[in-house]
């Protein structure tokens, strides 16, 4: 299935881009050419989850590809004015940062990093830069991701309760 492209968003927000550049990161607006990288990134974020299924590698890949496609369509249809960024460090794609800046509170739609870029303060740098520019920041976190919840709490996010199903809504003002 051919996936739809990303909404046209112009150029990365200069202030946000400048803030994360201090941490050696670059925000690049996503376009259709980024979909193969984003598909592989999605697979990496689900590897542990799917390892326990007992499925063959081909089945896990097919399932992951299908889930990526549905998530991509969900994100661009539910957040049509969001900023969709590929994160780069030293010219290498290392993750994605999807951020809806259209509301009173900026909403972090998604942060995902390749395996070897995790645990290096990149998520912290992104969230600190975002918090410095936004009046408030919201996000949803999976209840089965306690490490992310601890990070968000350390950064001043407060649990606001269930965000449907298996997620908690968090806010920092």
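The values are calculated or read from the model by the stated rules, or taken from the named source; none is laboratory data. A quick note: this is a predicted structure, and the numbers were derived from the prediction, not measured. Don't worry about glycine lacking a Cβ; one is built from the backbone with ideal geometry, like all the others, and counts go over all protein chains shown.
Report yes if residue 16 is surrounded by 12 or more Cβ atoms within 10 Å (Cβ to Cβ), within 17 Å of residue 123 (Cα to Cα), touching a strand residue (DSSP E or B) at 6+ places or on another chain (Cβ under 8 Å) and modelled with pLDDT of 95 or more, otherwise no.
Numbers: surrounded by 12 or more Cβ atoms within 10 Å (Cβ to Cβ): yes; within 17 Å of residue 123 (Cα to Cα): yes; touching a strand residue (DSSP E or B) at 6+ places or on another chain (Cβ under 8 Å): yes; modelled with pLDDT of 95 or more: no.
Considered against the rule, which asks whether it is surrounded by 12 or more Cβ atoms within 10 Å (Cβ to Cβ), within 17 Å of residue 123 (Cα to Cα), touching a strand residue (DSSP E or B) at 6+ places or on another chain (Cβ under 8 Å) and modelled with pLDDT of 95 or more, residue 16 comes out as no.
The numbered conditions (1) touching a residue at least 40 places away in the same chain (Cβ under 8 Å); (2) within 15 Å of the chain's Cα centre (by Cα) are all true for residue 23 except (2).
Residue by residue, here is whether (1) in a helix (DSSP H, G or I); (2) within 13 Å of the chain's Cα centre (by Cα) holds:
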{"residue": "41", "(1), (2)": "yes, yes"}
{"residue": "46", "(1), (2)": "yes, no"}
{"residue": "49", "(1), (2)": "yes, no"}
{"residue": "55", "(1), (2)": "no, no"}
{"residue": "64", "(1), (2)": "yes, no"}
{"residue": "67", "(1), (2)": "yes, no"}
{"residue": "81", "(1), (2)": "no, no"}
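Against the criterion of being part of a helix (DSSP H, G or I), under 15 Å from residue 27 (Cα atoms), modelled with pLDDT of 95 or more and touching a strand residue (DSSP E or B) at 6+ places or on another chain (Cβ under 8 Å), residue 99 does not qualify. When 75, 84, 68 are checked against the criterion of being in contact with a helix residue (DSSP H, G or I) (Cβ under 6 Å, 6 or more places away or on another chain) and under 14 Å from residue 5 (Cα atoms), 68 stands alone in meeting it.
Residues to consider are 111, 122, 73, 94; find the one that is within 26 Å of residue 162 (Cβ to Cβ) and surrounded by 14 or more Cβ atoms within 10 Å (Cβ to Cβ). So that I can check it myself, show each step before the final result.
Working: 122 fails: within 26 Å of residue 162 (Cβ to Cβ); 73 fails: surrounded by 14 or more Cβ atoms within 10 Å (Cβ to Cβ); 94 fails: within 26 Å of residue 162 (Cβ to Cβ).
Of 111, 122, 73, 94, the one residue that is within 26 Å of residue 162 (Cβ to Cβ) and surrounded by 14 or more Cβ atoms within 10 Å (Cβ to Cβ) is 111.
Taken over segment 19-39, the criterion of being in contact with a strand residue (DSSP E or B) (Cβ under 8 Å, 6 or more places away or on another chain), surrounded by 13 or more Cβ atoms within 10 Å (Cβ to Cβ) and either modelled with pLDDT of 95 or more or not in a helix (DSSP H, G or I) (or both) is satisfied by 25, 26, 27, 28, 29, 30, 34, 37, 38. Across segment 130-158, what is the number of residues that are surrounded by 14 or more Cβ atoms within 10 Å (Cβ to Cβ) and either farther than 27 Å from residue 21 by Cα or under 15 Å from the mean Cα position of the chain (by Cα) (or both)? Final tally of qualifying residues: 11.
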